[in-house]
Amino acid sequence: MRVAVVGGGISGLTAAYRLRAGLGDGATITVFEAGPGLGGKLRTIELAGQAYDVGAEAFLARRPEALALVEETGLTERLVHPTKARSTVRAGGQQVAMPGGTVMGVPGSVEAVAGVLSEDGRRQVAAEPELPPVRLEGDVALGELLRARFGDELVDRLVDPLLGGVYAGGADGLGLRATVPGLATAIGQGARSLTEAAASLIPKSTGDAPVFGTLAGGLGTLVDRLVELAKPELRLNTLVRGLTRLPSGFRLELVDETVEVDAVLLAVPAPAARRLLADVVPAASAALSEVEVASMAVVALALPPDAAVPDASGVLIGVHEGLTSKAFTFSSRKWAHLNDGPLLVRGSVGRFGEPGALKADDEELIRLVRTDLAELTGVTAEPVDTYVMRWGGGLPQYGVGHLDLVARVERAVAEVPGLAIVGAALHGVGIPACIATAGAGASRITSAAGHGQPVPS
């Protein structure tokens, strides 16, 4: 069996690994990657002599998929969790501790967010449970709902900075059911207010269970291990320009050749998937055209060891705080394995619909991020090393009706034997969600092939 995996990010490589397990060594699995390297949004570089992630830097440890894959691929000894350093948020011109007791910034009580809001903002949050009960008809813009119930301040100071860290987008452009599905479920189960819904979702005690995890040596080690175990043929710097369905299998149109295969698994961003599916599955292509994307950049700084970087894991920054950056991660404070040598800091720039500073060249972008760092922390030390990683169109936006859109895509693709689609545009932008879609997509192909056992998703 010949299978083409289009896209060499975490979704595509996990799918290749699952395909190898399901189809055996006799299958030919080829990964086509348009860029010069593998990993997609997992990118580990060397900064001042240390392995450092300038894409995704961690995964959610409270979902099982990434942890299970780390264990399954023999990387458990590299697994590390954050230190006790707390995250902060820039709210109303002040840096305050990131409050607990919220669900993506939606509070379970007014006390939970008192330190972030003004007196007027606290009054609006306190009054929310007394408003008429929440009624949801289908999906709704998260920002519209939250602003109507809590006022603007909670959204601008807390919810938007949190969402910006995940989607590079704000509440006004994101849908409730895809971004904070637990709230919608709680309301559907009878919660009369958003405060009540959030309170029902907040664990009474999390104990010492870590929220996030990563790998010492960088998440690129997972990329390398998946390639080692999947044993695919690698076609780097190879753009797949078109896809045609044949009476049996598919034809991939490359720049200067064609390749015929029995099955295709697409693990590319929504715009590329839309283009490739235009003739094969027009309905799926049309649905994917509705997925918008955001661009961003990560500016990595290696500072002298004596730089007075705060004892915090980082700071999130609201759009109205007057700064270029949307977040900083103080990596050497957040991760113990990076606290040896230069202090590593990364600043994130770029929000959906606001290219702004992303138009600047690398030198200017570094200057802007350093200016923000000085404003936030007082640190003006000259970096000993820098690196700029740009992610053009890197983050899909889960707008209103996103779940229905994904259902349309998956129904249409399911009608074409030997075809699967996976990745961040579907059921979550985080690493565990991408791993989950990769397993499901690989299982679809291996089950149809009748080889071995279906691969668990």
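Just so it is clear, none of the values below were taken in a lab; they were calculated from the coordinates. Since the model is a prediction, treat every value here as computed from it, not as a measurement. Virtual Cβ from ideal backbone geometry, glycine too; neighbours counted across all protein chains shown.
What order do you get for 104-111, 353-360 when each peptide is scored by the mean count of other beta carbon atoms within 10 Å, highest first?
104-111, 353-360
Taking the Cβ of P432 as the centre, find all other residues whose Cβ is under 11 Å away and add up their charges (Lys, Arg: +1; Asp, Glu: -1).
+1
Count charges around S248 for me, please; just the other residues with Cβ under 10 Å from its Cβ, Lys/Arg as +1, Asp/Glu as -1. Intermediate values should be presented prior to the final figure.
Numbers: positive: R245; negative: E260, D262.
Summing Lys and Arg as +1 and Asp and Glu as -1 gives -1.
Based on Cβ point charges of +1 for Lys and Arg and -1 for Asp and Glu, what charge dipole magnitude is obtained for the range 293-396 about its Cα centre, in debye rounded to the nearest 20?
360
Which of the three applies to the range 16-109, rounded, prolate or oblate, going by the alpha-carbon gyration tensor with a ≥ b ≥ c and a/c under 1.5 meaning rounded? Provide the component values of the computation, followed by the final result.
On the way: a/c = 2.43, a/b = 1.89, b/c = 1.29.
Since a/c reaches 1.5 and a/b is larger than b/c, the shape of the range 16-109 is classed as prolate.
Please compute the net charge surrounding P271, taking Lys and Arg as +1 and Asp and Glu as -1 over other residues with Cβ under 14 Å from its Cβ.
In short, +1.
Whole angstrom only: what separates the Cα centroid of the range 315-374 from the Cα centroid of the range 82-155?
That distance is 24 Å.
If you build the Cα gyration tensor of the range 293-396 and take the root of 5 times each eigenvalue, what three semi-axes come out, in whole angstrom, biggest first?
Its equivalent ellipsoid spans semi-axes of 23, 14, 13 Å.
Once a ≥ b ≥ c are taken as the square roots of the eigenvalues of the Cα gyration tensor of the range 243-291, is the result rounded (a/c under 1.5), prolate (a/b larger than b/c) or oblate (a/b not larger than b/c)?
prolate
Taking the Kirkwood radius as the inverse of the mean 1/r across Cα pairs, report the Rg/Rh of the chain. Intermediate results must be reported in sequence, preceding the final value.
On the way: Rg = 22.5 Å, Rh = 23.1 Å.
Taking Rh as the inverse mean 1/r over Cα pairs, Rg/Rh reads 0.97.
What angle, in degrees between 0 and 90 and rounded to the nearest 10, separates the Cα long axis of helix 10-23 from the longest principal axis of the Cα atoms of the chain?
40
Of S295, W335, P383, whose Cα points farthest to the positive end of the dipole of the range 293-396 (charges on the beta-carbon: +1 Lys, Arg; -1 Asp, Glu; origin at the Cα centre)?
S295
Taking the Cα atoms only, what angle lies between the long axis of helix 362-377 and the longest principal axis of the chain, rounded to 10 degrees?
Around 40 degrees separate the two axes.
Which of rounded, prolate, oblate describes the range 210-336, given a ≥ b ≥ c as roots of the alpha-carbon gyration tensor eigenvalues and a/c under 1.5 marking rounded, otherwise prolate only if a/b is larger than b/c?
Prolate, because a/c is 1.5 or more and a/b exceeds b/c.
By how many degrees, 0 to 90 and rounded to 10, does the Cα axis of helix 402-414 deviate from the longest principal axis of the chain?
The angle comes out near 10 degrees.
In cubic angstrom, how much convex hull volume per residue do the alpha carbon atoms of the range 99-195 span?
Numbers: hull volume 8.2 nm³, N = 97.
Roughly 85 Å³ of hull volume per residue.
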